[in-house]
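Scroll down for the structure; my scribbles are underneath it.
The values are calculated or read from the model by the stated rules, or taken from the named source; none is laboratory data. Since the model is a prediction, treat every value here as computed from it, not as a measurement. Counting neighbours? That spans all protein chains shown, and the Cβs are built from the backbone with ideal geometry, glycine included. The protein model used for the area step is the full one, side chains on, heavy atoms only, and it has no ligands, DNA or RNA in it. Shrake-Rupley method; radii C 1.70, N 1.55, O 1.52, S 1.80 Å.
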Amino acid sequence: MRILSLLLLLSLTLSTIKAQITIELEETTLTEREVAVGIQVPWEMLYGPDDHLWITEKRGRVLRMEPNSGVSETILNIENLVEADSEPGLLGMALHPDFENVPKVYLVYNYIEGFFNIKERLVSYDWDGTSLTNEVILLDDIPGGNIHNGARLLISRDDKILMTTGDIGNGGLSQDQLNINGKLLRINLDGSIPDDNPDPNSYIYSYGHRNSQGLAYGPHDLLYSSEHGAQSSDEFNIIEEDRNYGWPNVQGACNTNSEINFCNTFNVKEPLAEWSPCVAVNDLCYYDHPAIPEWQGSMLMAVLGGFAKLPRISVLKLSADGQSVESEEQYFKNYGRLRDICINPHTGAIYFATNGNSYPSSGPNKIIEYRNLAFSGVNTNETVVNDAIQIKSNPIIGDQLQFAVDPIFVNGQYHIVAYNGYLALSGSITNNPNMQLNCTALSAGSYFIRVINDGKVSTKSFVVAR
Ligand SMILES: [Ca+2]
Ligand SMILES: [Ca+2]
């Protein structure tokens with residue numbers, strides 16, 4: 001009987017341990033939670049200002065998932081439109097920067113035209129609170145291929161759509177200024193060409209790319225991209241307007257005789273870091289949230305594994321000026337291929353999407369969360385106070401952000417966090433519950449204020465519309 005009790009206790013203990021997988025950073029413990037399983041190859045995953053995860057499934061669906069329960073609804077099914085064999089599919093997604101007032105969703109997918117001619121298009125849909133409706137084609141007839149279709153989307157700080165295109169297996173296209181493959185495109189939200197593009201008659205913003213599938217802003221509003229190399233030289237770049245990134249003449253750094261010649265002639269921008277053999281670098285997300293201090297100021301990069309078979313999340317610690325990578329730490333190597341990552345702006349938790357152990361994904365594909373429970377109020381004495389922050393004139397149009405806090409937060413701290421997770425502003429609440437901040441540094445988009453004082457915490461969302 002005593003042995004039975006011991007065995008029962010042991011099995012209970014083991015099951016408790018299994019339920020609480022953790023990793024230890026220097027001072028922070030991150031706890032795993034399986035949010036959802038069975039996604040049919042998640043490609044893009046965003047944390048929306050509606051506090052839901054927005055996920056594209058490569059086969060042609062968009063899911064909207066409640067991140068605590070993992071319950072999701074299919075809000076768009078265009079499997080009949082989407083070509084999803086091999087690398088093509090429903091791929092990139094971005095939400096309008098003022099989503100609460102302009103609930104538009106931008107998507108990129110591949111389709112078949114004529115006799116198995118693969119194409120790619122950029123479209124917008126309207127979110128009506130239940131589903132995505134009213135497809136509008138913004139950019140059509142982009143040449144696609146069985147491989148290298150780019151398709152990562154990001155809305156720029158000045159409200160343009162940034163879209164990567166791949167070389168579709170034909171490297172010569174990347175240096176051809178008359179072809180939009182192998183490029184980073186800059187597009188107005190209505191699909192027209194911005195008149196301040198390098199060439200006002202072209203969507204092309206930068207060129208010489210092979211197949212870039214990671215785009216994110218980092219410190220000082222620098223724009224970063226990841227890019228798949230051929231067999232070697234996966235790249236991590238800073239994107240500058242009208243610059244040449246070398247492909248197919250240059251792979252990675254300019255370090256062979258022919259590369260050095262080409263780089264000098266065509267002013268090639270070299271990567272900050274490169275990986276050989278290729279590890280298949282993918283989604284990027286800048287981490288500057290106070291929840292995980294060890295990772296602040298780092299770019300998180302989802303890595304599929306590639307030839308090297310080394311899937312992981314790479315934490316790329318950036319220098320203070322953002323111009324170099326100081327170190328790389330690797331985490332989460334035992335989940336198979338990792339395609340995408342996003343950040344919960346409230347808790348600082350990260351979510352990553354797994355893509356199985358083999359291409360294009362045998363599954364099971366999961367959404368996994370890692371969170372510092374000590375930050376978010378769990379296991380601490382932090383008390384959440386509701387309705388303790390008032391924001392004047394939300395959405396914010398001018399350059400002043402005015403908010404009032406309950407007097408219990410006077411002498412506390414405030415953090416203003418963007419909905420993609422980066423810490424935009426922070427400071428002290430001194431003596432006066434009425435705060436007025438210069439917010440010219442905040443670009444259009446969704447944010448929230450988090451105030452904390454003496455074990456009490458409160459948050460409030462707002463929008464900057466410019
Ligand atoms: Ca390059
Ligand atoms: Ca090289």
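Whole-Hz Karplus values for the stretch 385-398 come out as 10, 8, 6, 9, 10, 10, 10, 7, 6, 9, x, 7, 10, x Hz, taken residue by residue from phi with 6.51 cos²θ - 1.76 cosθ + 1.60 and θ = phi - 60°; glycine and proline positions read x. Remark: spin-label model distance Val384-Thr130 equals 2.9 nm, labels positioned 7 Å along the Cα→Cβ axis. Scalar couplings 3J(HN,Hα) for the stretch 241-253, obtained by applying the Karplus form with A = 6.51, B = -1.76, C = 1.60 to θ = phi - 60°, are 4, 6, 9, 9, 9, x, 4, x, 7, 10, 10, x, 5 Hz; x denotes Gly and Pro.
Of all chymotrypsin sites (Phe, Trp or Tyr not before Pro) in the stretch 89-186, which ones are in loop regions per DSSP and have a Cβ with at most 12 other Cβ atoms within 10 Å?
Values: sites: Phe99, Tyr106, Tyr109, Tyr111, Phe115, Phe116, Tyr125, Trp127; in loops: Phe99, Phe115, Phe116.
Passing sites in the stretch 89-186 are Phe115, Phe116.
Each label point was placed 7 Å from the Cα along the Cα-to-Cβ direction; for Asp242 and Ala424 their separation is 3.0 nm. Taking the three principal axes of the alpha carbon atoms in the stretch 383-464, the coordinate ranges are 31, 24, 20 Å, sorted in descending order.
Is the shape of the stretch 26-371 best called rounded, prolate or oblate, per the rule: a/c under 1.5 gives rounded, else a/b larger than b/c gives prolate, else oblate, with a ≥ b ≥ c the square roots of the Cα gyration tensor eigenvalues? Note, shape of the stretch 26-371 comes out rounded. Across the accessible surface of the chain, with the other protein chains kept in place and a 1.4 Å probe, carbon and sulfur atoms take up 49 percent. Modelled spin labels at Ser276 and Gln400, positioned 7 Å past Cα toward Cβ, are 5.7 nm from each other. Compute the distance from the alpha-carbon center of the stretch 136-156 to that of the stretch 38-73, in whole Å. Each part reduced to its Cα centre gives a spacing of 20 Å.
Note down the magnitude of the dipole of the chain about its Cα centre, charges +1 on Lys and Arg C-beta and -1 on Asp and Glu C-beta and zero elsewhere, to the nearest 20 debye.
Working: 31 positive and 56 negative charges, 237 e Å.
Once rounded to the nearest 20, the dipole reads 1140 debye.
Computing FRET efficiency as 1/(1 + (r/R0)^6) for Ser192 and Gln323, where r is the C-beta to C-beta distance and R0 is 25 Å, gives about 0.15.
Going by average Cβ neighbours within 10 Å, how do the peptides 287-293, 32-38 rank, with the highest at the top?
On the way: 287-293: 21.4, 32-38: 16.4.
Top of the packing list down: 287-293, 32-38.
Once R0 is set to 35 Å, what does the formula 1/(1 + (r/R0)^6) return for the Cβ-Cβ distance between Glu24 and Asp221, expressed as a FRET efficiency to the nearest 0.05? All intermediate terms of the calculation are to be shown ahead of the outcome.
Values: r = 33 Å, r/R0 = 0.94.
Approximately 0.60, to the nearest 0.05.
Of the peptides 349-356, 215-222, how do they stack up when ordered by the mean number of other Cβ atoms within 10 Å, highest first?
Details: 349-356: 25.6, 215-222: 17.8.
In decreasing order of mean packing, 349-356, 215-222 become 349-356, 215-222.
Once you have a ≥ b ≥ c as the square roots of the Cα gyration tensor eigenvalues for the stretch 188-318, tell me rounded if a/c is under 1.5, and otherwise prolate or oblate according to whether a/b is larger than b/c. Judged from the Cα gyration tensor, the stretch 188-318 comes out oblate (a/c at least 1.5, b/c at or above a/b). Dividing the summed helix terms, -39500 (n - 2.57) for each DSSP H run of n ≥ 4, by the number of residues in the chain produces a 222 nm estimate of -2000 deg cm²/dmol to the nearest 500.
Taking a Cβ cut-off of under 11 Å around Ser461, the surrounding Lys, Arg, Asp and Glu residues balance to a net charge of -1, with basic ones at +1 and acidic ones at -1. Relative protection proxy for 135-142, 206-213, 415-422, from highest mean packing down: 206-213, 415-422, 135-142 (other beta-carbon atoms within 10 angstrom). Farthest towards the positive end of the charge dipole of the chain, among the residues Gly363, Leu122, Gly150, is the Cα of Gly363, using unit charges on the Cβ of Lys, Arg, Asp and Glu.
Straight-line cross-link reach from Lys317 at under 23 Å between alpha-carbon atoms covers these lysines, not counting any fewer than eight positions away in the same chain: Lys269, Lys309, Lys333.
On full extension, the segment bounded by Asn101 and Ser393 gains 103.7 nm, given 0.36 nm per residue less the C-alpha separation. Partnerless cysteines in the chain, where a partner means another cysteine C-beta under 4.7 angstrom, comprise Cys278, Cys285, Cys342, Cys439. Within the assembled protein chains, the solvent-accessible surface assigned to Trp247 is about 40 Å², based on a 1.4 Å probe.
Between the listed residues Ala374, Ser428, Met65, the Cα displaced farthest toward the positive end of the dipole of the chain, a dipole computed from Cβ unit charges relative to the Cα centre, is found at Ala374.
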